[in-house]
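Before any comments, here is the structure.
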Amino acid sequence: MFTQRYSATRRGAALARRLALWQLDAWGIPYGTSLSDTVALLVAELAANAVLHGRVPGRDFELRLVHTSGTGVVRVEVSDTHDARPGPLLVSQPDVDADGGRGLMIVDAVASSWGVRNRVGPGKTVWAEAVVPAPRSSRTG
């Protein structure tokens, strides 16, 4: 497990993504693999949401990564101290002219599962899981 708090700023979100990739590499999930790229995208989107929508002045957000090597699952959890919860409307089609509003759609598309849960103290934790893709068979016809 890897847990780290970051300032609720764009710089904090970028650092969370970079350190997540470093931790995955330390766990034997190399940079540039499908799983590494998926987790990087999940961390980027969830951290950006924590900074943009979950920010409470003077409070940090927390990133937690859990790698279950036996199952090949990497769980990404981002906790913030804002009480607002993402709802079904946030995963619907955004206005085509809008600059944002697609983060949870991306999470929904690439994660094997995701959700929101309460946390100890104020706020919530948004989590998403990525699974090691099954190897493709090299057998032919």
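Probe radius 1.4 Å, ligands and nucleic acids ignored: give me the carbon and sulfur share of the accessible area of the range 7-88 as a rounded percent. Could the numbers behind the result be given before it?
Numbers: 2180 of 4160 Å².
The nonpolar share, carbon plus sulfur, comes to 52 percent.
I'd like the FRET efficiency for Asn118 and Leu52, computed as 1/(1 + (r/R0)^6) with the beta carbon distance as r and R0 of 22 Å, rounded to 0.05. Present the calculation step by step, with values, prior to reporting the outcome.
Values: r = 21 Å, r/R0 = 0.95.
The calculated FRET efficiency here is 0.60.
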Calculated Rg and Dmax of the range 5-46 using C-alpha coordinates, Å:
10.2, 29
Virtual paramagnetic centre 7 Å along Cα→Cβ of Val132, amide N under 16 Å, in the range 56-80
66-75
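The values are calculated or read from the model by the stated rules, or taken from the named source; none is laboratory data. All values reported here derive from a predicted model rather than from experimental measurement. Neighbour counts are summed over all protein chains in view; Cβ atoms, including those assigned to glycine, are modelled from backbone coordinates with ideal geometry. Accessible surface areas use protein heavy atoms only, side chains included; no ligands, DNA or RNA. Shrake-Rupley method; radii C 1.70, N 1.55, O 1.52, S 1.80 Å.
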